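Below is one structure, written out as structure tokens, with a few remarks after it.
The values are calculated or read from the model by the stated rules, or taken from the named source; none is laboratory data. The structure presented is a predicted model; accordingly, all values stated were derived computationally and were not measured. FYI the Cβ positions are ideal-geometry reconstructions off the backbone, even for glycines, and counts take in every protein chain you see.
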Amino acid sequence: MSAPTIDRIAQARTAAARESWAEAYGLLRAHEAHPSRALTADDLTILADAAWWSGHVDESVAARLRAHAAYVAGGDHRGAGLASWWLSYEYEGLGRPAAASGWLHRAHHHLDDQPPCPEQCFLAWTDAEEAAARGDHAAAVAATRRMTRLALRSGSPDLLALSRQAEASVLLARGRRAEALALLDDAMCAVTAGELSGMFTGWLYCLALTQCMEAADFGRAVEWTNAAMEWCAPPWTGRPADAAAPPSGTATDEGAAVAGAPASLPMTVPTGENPFRGVCRAHRVEVLDLLGAWALAEAEARQACREVPVDCLESAAAAYYAAGDVQRRQGRLEEAAASYAHAHELGRIPQPGLALLRLAQGRADAAVAGVDLALACRTDHRHDVLGRARLLAARAEVALAVRDVPGAAGAAAELEVLAGDVPLLRAMADTARGAVALAEARPESALRLLRRALGGWLELRVPYEAAQVRMLLAAADRAVGDEEAARLELGAAHAVFERLGAVPDARRAAALLTGGARRRLPGGLTAREAEVLRLVASGGTNRDIAHALVISEHTVARHLNNIFAKLGVGSRAAATAYAYAHDLV
């Protein structure tokens, strides 16, 4: 054996110990090009890990298959079992469930008869996830407790933090929110303190951010998203040289979607970059969207779609969906439709955004059908509380737009039950219930609920929803005769819409500000008919008016017929002249 060969393998092991994966990959690949001897099973595992971190998924799987064979040949059942589990994990991510199932079976074959060992933690984790998926929460909790015992016995900070996260996930699904979040906080302390290996750090950031958003814990989502992006920031070189070596094995990641097009072809993650960056960035997009940083959210969504690995395309779908929401609220409806279509191609049901887009396009029937179907498909709200809450809030909004007040009330009532004392959900429920009370001509109740909703959104620093509530408050204020308060709310809402670029909402607020002071309207016009007439006089088509007022074109046409009849005119030009003559513009 030549000295250079010995040095190269030893250097690769040292590089892997400090998680300098690009260096380890280059050294082992150079050895493989001119091998003087076969790599050991442990060296092949390092090659598999290094290939994944360097963006070479096919080589990662191939090296891990060789590692498994070498462990079997050496009679090392623990090594073979762990390699089998990683292959199951990798194949699952690559969309090959049959291969994943086969390798999971092999992992059990290798590990089930072994004395308690760290490798069995991974099987317990899989058992917990499978039990939770079939609704057997007792079995899921038992599996996570078994995982914790094994992690404590092993003394591995990585496995202990992962076991805490796994138990938190199961407890959240059972509605034990306080216990779950305490465990998640414990796990994330180890993450943010830099106590874990790179693989487990990335895993826990991604898992915790998903759980925070699904549980509607916006505060934790903001905090941990910022921390995750700092960890992912280039140049990413792994752990310090004096840190302990991580457990062997990684999951397979590769590829991304090109911005502006559906993800279909894998792309290689650039060597030396953090493969978790795209997934963490996709989570950041959701946070930026709520915070009202829409331009940055849309730019980050494009970047995330370039970075997301091929076995995490659901993150690219989330980024496309979030971009669609921004575009819809800014009145860029065709772009929004394209973004929702890309999200759908990647496997995400693009609701409730698509339903709200159809409503903005004047297709109220499609909006109702879309959101109702999405609600019917999402029956287990415990898995994604925020997802169901958003569907219910949209169902209430769509129902009110088509004058289905009982339907809106039903959605708002379910949202109220779901909300509990979670601030984000509480603000959503109060908003929906306030809108229903307003539609039911109960302005005093509406004012109470909407003021509480506004306080909630402002405390969360979610500007768009706060501005929407101000619009409802203005209507409630006018209903009780407080014109000054109504104008203050409209002015504040208009300023936020202008800053965000929410063009349709800004137009609507401006129209209400312009004509709101006139409580006694000529010709027997209602307030809504006066709004329509002002937009007609400003040159708006039926479609423009529908977009501005978030109603259907059919409703606009009905209002116009009523306006023509009340004013005794037969054309838009005559109606426009009447509007100017009576100071309605």
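Just a few scattered comments:
- Counted residues, segment 313-330 - those being surrounded by fewer than 24 Cβ atoms within 10 Å (Cβ to Cβ) and at pLDDT below 90: 1
- Total residues in segment 417-433, condition acidic (D, E) and under 22 Å from the mean Cα position of the chain (by Cα): 1
- Test result for L400, out of contact with any Ser or Thr (no Cβ under 6 Å at 6 or more places or on another chain), surrounded by 18 or more Cβ atoms within 10 Å (Cβ to Cβ) and assigned to a helix (DSSP H, G or I): yes
- Unique residue being buried (at least 24 other Cβ atoms within 10 Å of the Cβ), over 16 Å from M147 (Cβ atoms) and among the acidic types (D, E) when the list is D49, D58, D113, D76: D49
- Residue selected from segment 196-215 under the condition at pLDDT 90 or above and not in a helix (DSSP H, G or I), by the criterion nearest to A427 (Cα to Cα): L196
- So R358, is it modelled with pLDDT of 90 or more, surrounded by 24 or more Cβ atoms within 10 Å (Cβ to Cβ) and more than 13 Å from the chain's Cα centre (by Cα): no
So that you can scan it fast, the table gives a plain yes or no per residue for (1) at pLDDT below 90; (2) buried (at least 20 other Cβ atoms within 10 Å of the Cβ); (3) outside any helix (DSSP H, G or I); (4) not polar (S, T, N, Q):
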position: Q468; (1), (2), (3), (4): no, yes, no, no
position: D477; (1), (2), (3), (4): no, yes, no, yes
position: R487; (1), (2), (3), (4): no, no, no, yes
position: G491; (1), (2), (3), (4): no, no, no, yes
position: H494; (1), (2), (3), (4): no, yes, no, yes
position: D505; (1), (2), (3), (4): no, yes, no, yes
position: A511; (1), (2), (3), (4): yes, yes, no, yes
position: A517; (1), (2), (3), (4): yes, no, yes, yes
position: R520; (1), (2), (3), (4): yes, no, yes, yes
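- Residue within segment 553-561 that is within 44 Å of the chain's Cα centre (by Cα) and over 28 Å from A355 (Cα atoms) present: no
- Screening G540 against (1) outside any loop (DSSP other than H, G, I, E, B); (2) without any contact (Cβ under 8 Å) to a residue 12 or more places away in the chain; (3) surrounded by 20 or more Cβ atoms within 10 Å (Cβ to Cβ) leaves a single unmet condition, (1).
Quick grid of which residues meet (1) touching an Asp or Glu at 6+ places or on another chain (Cβ under 9 Å); (2) outside any helix (DSSP H, G or I):
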| site | (1), (2) |
| --- | --- |
| R66 | no, no |
| L87 | no, no |
| A99 | yes, no |
| A107 | yes, no |
| C117 | no, yes |
